[in-house]
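The values are calculated or read from the model by the stated rules, or taken from the named source; none is laboratory data. As the structure is a prediction and not an experimental result, all values here were calculated from the model. Note that each Cβ is placed from the backbone with ideal geometry, even for glycine, and that neighbours are counted across all protein chains shown. Note: areas computed on protein heavy atoms with side chains; ligands, DNA, RNA excluded. Shrake-Rupley method; radii C 1.70, N 1.55, O 1.52, S 1.80 Å.
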Amino acid sequence: MKMRIRKLLKPLVNLLRQLVPVGLILRLELFAARSGFLVGPVSLLRGGFAREQRAVLYGRAKHQQQLLEAACDDGASHTLRRYTHILEKGLIMQPRRSVFAKNLITETVDLYESLASNPDGANGGSVNPLLPWATDVLDEYFEVNGDDPIVNAQRERFRAIVEQRRLTPGARRPYKRDTTPLNTTYDDLLKLAERRRSCRWYLQTPVLREIIDRAIAVAAQSPSACNRQPFEFRIFDTPEDARRIGSIPLGTRGFADQFPCLAVVVGQLHAFPFARDRHLPYIDGALAAMAFQFALEVQGIGSCCINFPEVPKPEEAMAKALDLRPDERPIMCISFGYPDPRGEVPYSQKKSLEELRRYD
């Protein structure tokens, strides 16, 4: 049905684009942008947002479906991750309220119970690391919260789940950070940032998965909104696969045929119940991608960010190649491998401090 409607609407939209002069569309865009009126129709004339809108709608629906089914995976696990982080923030407040977060504690324990009932999930038999963290934070939460009917009821539920599942609370809870000076200096960090440049020419030397995993472990420490980490690194570490996937983005012609490895950072919109959060996978995924590249660089591995704009044919090709759901969005591709010492990198003059910084 949806495909039929889109097929019916597409010729009409294309006809409108042909009939309306470009100059008039530009004036309409300025009017819509300044006034906020007619934004939807004007955007329809221009096109380009349909895939993202579909992704947001699908992601919201998937998130809500999993919450209703109390399935503690994907969207539901992202919600438990978010709520656990909110509890942590309440625990570190100064001064801390005697009773807090009681508006979400029931749903948090619901999700926790679902996860505790199926602790392995999709982790191949290993315990989902979300479970010990949620156990410890909830244990701390119920220890410090005062007398309240809602909190008291959920405290009893939580303790019964812990006892029944034989879970042991540990140390994954708020702590005082280490303030010991690091051996890495500012000059070291600046040198790393200046050395890391977009490398497009590689030796055909295999990159060990241990090296890749170590880089992803660093990327996992990147900040993320409410610690949801709504992204995944899809790794292609054989030259055949790296070149096949690397040829999909625009702008790789002429050098994709020698990629030894490729990562595709995929954002997950099912992590969010609200359209207002639709940009967070891009932000969080980009933060992790930068950390990933720095971690590769210190291990002697060069890398190159590859832009992935919203263009229909590459989007469709990537979705098919990676078997992506409608709510999963390619954020960027990253080629990587041992740099060819004969290859050059662009100088890439960066903006000056004065251009980048303004104190208000």
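Descriptive notes on the structure:
- Rough spin-label spacing in nm, given labels placed 7 Å along Cα→Cβ, for Ala171 and Ala317: 5.1 nm
- Over segment 235-350, accessible surface divided per residue gives 45 Å², non-protein components excluded, 1.4 Å probe.
- Backbone HN-Hα couplings from phi across segment 264-281 [Karplus 6.51/-1.76/1.60, Hz, Gly and Pro as x]: 10, 8, 10, x, 10, 6, 6, 6, 10, x, 10, 5, 4, 9, 5, 8, 5, x
- Per-atom-type breakdown for segment 192-239 gives carbon and sulfur 52% of the accessible area (1.4 Å probe, protein chains only).
- Label zone of Gln64 (point 7 Å out along Cα→Cβ, amide N under 19 Å): in segment 277-297 this covers 277-279.
- Amide N of segment 335-353 lying under 20 Å from the label point, which is placed 7 angstrom from the Cα of Glu210 along Cα→Cβ: 337-339
- Cα gyration tensor shape for segment 252-317, rounded if a/c is under 1.5, else prolate or oblate: oblate
- For segment 81-219, the Kirkwood hydrodynamic radius from C-alpha pairs, put into Stokes-Einstein at 4 °C and a viscosity of 1.567 mPa s, yields a diffusion coefficient of 70 µm² per second.
- Distant-in-sequence amide contacts of Met332, defined by a placed amide H-H separation under 5 Å and a gap of 5 or more residues or a different chain, comprise Val265.
- Extended-chain gain in nm, criterion 0.36 nm per residue less alpha-carbon gap, Val298 and Tyr282: 3.3 nm
- Extension reserve of the Ser247-Glu310 stretch, reckoned as 0.36 nm per residue once the Cα distance is removed: 21.1 nm
- Karplus (6.51, -1.76, 1.60) ³J(HN,Hα), θ = phi - 60°, over segment 89-95, in Hz, Gly and Pro reported as x: 5, x, 5, 9, 5, 10, x
- The label point for Asp147 and the one for Leu190, both projected 7 Å from the Cα toward the Cβ, are 6.0 nm apart.
- Residues with amide H under 5 Å from that of Leu203, placed H, sequence gap 5 or more: Tyr338, Asp340
- Hull volume per residue, based on the alpha-carbon atoms of segment 306-347 and their convex hull, is 112 Å³.
- Karplus-based coupling profile of segment 162-174, in residue order and whole Hz: 4, 5, 5, 8, 6, 8, 10, x, x, 10, 7, 8, x, with θ = phi - 60° in 6.51 cos²θ - 1.76 cosθ + 1.60 and x standing for Gly or Pro.
- Where the alpha-carbon atoms of segment 178-234 are placed on the principal axes, they occupy 42, 32, 20 Å, in descending order.
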